[in-house]
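See below for the structure under consideration.
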Amino acid sequence: MIYFDNSATTFPKPYDVVKQVRTAFLRYGANPGRSGYKMAMDTAEKVFECRSKAADFFGLDKPENVVFTLNCTHALNIVINGILKGGDHVICSDLEHNAVIRPLYKMSRKGARVSFAKTGESAEETLENFKRAAGKRTKLIVCTHASNVTGDILPIGQIGAFCRERGILFAVDAAQSAGVLDIDMERDCIDFLCVAPHKGLYAPLGTGMLLINTEYMPDSLITGGTGSLSAETEQPDFLPDRFESGTMNVPGIIGISQGIDFVKKLGVDAISGHEYMLMRHFYQKAEEIENVKLLTQLPEQGRNAPIIGLNIDGLSSEETAAQLGEEGICVRAGLHCAPSAHRKLGTLKSGLVRFAPSVFTSKEDVERCICVLRTISENNYSQSV
Amino acid sequence: MKGKYLTVKSVTNAMKSKEILKKQGFDVAVERAPTSINPDGCSFAINIKRGNINVAETLLSTAGIDVIGRGGVL
């Protein structure tokens, strides 16, 4: 099997992650933050260790401001639902995933006004479009760091600096970028960072994080037991308890911890360097195949993430993905839960086939994939004449 | 339970307190807060096994950690 669906979740996971998750079941099986016996305290310590590592990794100085969530979508929902109220204005880009779009539409029905800033050919153009969209009532800018369809990278540092200057809250959807692109919340002026650790941090599925770098506290999305201030009926107002009601995914959190160690050991630059090298090679080879229509740009550091979108003339994206699947190549076709990005690309009807690598992808995987794409293209052409 | 205790709001605060105090040379452990210094129920406390409790409280307050209870338990 050759796995090219790493934008959905990375596979395989590093051996040390798998090993630590197993250890979690064997040694850290108590509910953290509830009881006081040794295993409960040891488990709580492991959870805190992960908060510290995540904070350090993303340039945040308060480990308690790392909130564990169900996934990145959950983190984005806490931010969007918890901040916006009727009359507020919010800006997002034209490349957002439904994890941003759907909560925004929900809030627009409650009276919030949503503007879309177009991403441009350059970082400056994109920044100008965000600036132009901002007004007196703009409370929040929420945008993806890197599109899960086009790979386009948004200039989050510049948008963040603008937000800080104007007193606008800034939230970043780092689902595709955390672990692949360098992120520093303080340097990039990010107030809320929403992370999918099961992607670029190689953690288990069903994990998410919200990192908070502001005194502004959104309303809680879920309320309930936190193991703290139990006599009170009000949800705690401090972090992380404000957003962490109910039992946590401890095996997943311990997996995040190990995943961060894995990425730190290799280095974000080394991981992204490997992925860019492979996908540039992929792109150049795919360009040579007749009937293959490349829909994304040549991956280039700083401009677009190392993912490739394409279609084969005469085949739907789903048909191409199915044929690749028959050859053991795992990709995702369709709209990737991001219709606005497809609208921009002109692929809203056709969708596209997305190829996304991880650090475990090899040049041999790329060569095999190119070979299969060529065969599919040739077979389709011969059938159509 | 024996020792000098500082109660904080959550297990996360307790773990952070432990880290801060250990770096300063204190010998501490995180435990469930004794009922007598647990004003809101289900809190966690730092058992200061070695070190001055007043200094510890100051260090935690400086780090932005709310100490919500303190006392010695025999």
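FYI, it's all coordinate maths here, none of it is from the lab. Since the model is a prediction, treat every value here as computed from it, not as a measurement. For neighbour counting, all protein chains shown are included, and Cβ atoms are generated from backbone atoms with ideal geometry for every residue, glycine included.
The residues neighbouring A:Lys19, those whose beta-carbon lies less than 13 Å from its own, together hold a net charge of +1 under the Lys/Arg +1, Asp/Glu -1 convention.
Residues A:Ser108, A:Ser52 in ascending order of nearby Cβ atoms (within 10 Å, fewest first): A:Ser108, A:Ser52. Inter-chain Cβ neighbour count for B:12-20, averaged per residue, equals 6 (cutoff 10 Å, partner chain atoms only). Using a ≥ b ≥ c from the Cα gyration tensor of region A:143-221 (square roots of the eigenvalues), is it rounded, prolate or oblate, where a/c under 1.5 gives rounded and otherwise the larger of a/b and b/c decides, a/b for prolate? Here region A:143-221 falls in the oblate category. Gyration tensor analysis over the Cα atoms of region A:293-385 returns equivalent ellipsoid semi-axes of 21, 19, 11 Å (largest first, whole Å).
Specify whether the C-alpha gyration tensor of chain B places it in the rounded, prolate or oblate class, a ≥ b ≥ c being the square roots of the eigenvalues: rounded for a/c under 1.5, otherwise prolate if a/b is larger than b/c and oblate if not. Oblate, since a/c reaches 1.5 and b/c is not below a/b. Taking 20 Å as the straight-line reach from the Cα of A:Lys19, the aspartates and glutamates in range (excluding those fewer than 8 positions away in the same chain) are A:Asp42, A:Glu45, A:Glu49, A:Asp261. Other residues within the sphere of radius under 14 Å centred on the Cβ of A:Cys72, judged by their own Cβ, net out at 0 (K and R +1, D and E -1). Comparing A:Arg164, A:Arg137, A:Arg51 in a Gaussian network model of chain A (Cα springs below 10 Å), the most mobile by mean-square fluctuation is A:Arg137. What separates the Cα centres of region A:1-72 and region A:87-118 is a distance of 31 Å.
Near B:Gly3, the amide H atoms lying under 5 Å from its own belong to B:Val73; only residues 5 or more places off or on other chains count, and H is placed 1.01 Å from N. Note on chain B: with a GNM built from Cα contacts shorter than 10 Å, the maximum mean-square fluctuation among B:Ile48, B:Ile20, B:Ile37 falls on B:Ile20. Relative to the longest principal axis of chain A, what angle (0 to 90°, nearest 10) does the C-alpha long axis of helix A:98-109 take? Result, in degrees: 60. Summary of the geometry: region A:231-245 and region A:349-385, compared by the centres of their Cα atoms, lie 49 Å apart. Between A:Tyr105 and A:Lys265, the contour length at 0.36 nm per residue exceeds the alpha carbon distance by 53.6 nm.
Averaged over the residues of peptide A:44-50, the number of Cβ atoms from other protein chains lying within 10 Å of each residue's Cβ is 4.
Please determine, in degrees from 0 to 90 and to the nearest 10, the orientation of helix A:317-326 with respect to the longest principal axis defined by the Cα atoms of chain A, where the helix direction is its Cα long axis. With rounding to tens, the tilt is 90 degrees. Sort chain A into rounded, prolate or oblate with this rule: let a ≥ b ≥ c be the square roots of the eigenvalues of the Cα gyration tensor; rounded if a/c is under 1.5, and if a/c is not under 1.5, prolate when a/b is larger than b/c, oblate otherwise. Here chain A falls in the oblate category. Rounded to the nearest 20 debye, the dipole magnitude of chain B is 220 debye, with +1 charges on Lys and Arg beta carbons, -1 on Asp and Glu beta carbons, and the Cα centre as origin. DSSP beta bridges fully contained in the protein assembly as shown are about 65 percent antiparallel.
Against chain A, whose longest principal axis is taken from its Cα atoms, helix A:250-266 shows a tilt of about 60°. Quick one: net charge of A:Thr144's neighbours, Cβ under 11 Å, K/R +1, D/E -1? Net local charge, A:Thr144 excluded: -4. Roughly how many whole Å is it from the C-alpha centroid of region A:271-310 to that of region B:19-50? If you average the Cα positions of each part, the centres end up 54 Å apart.
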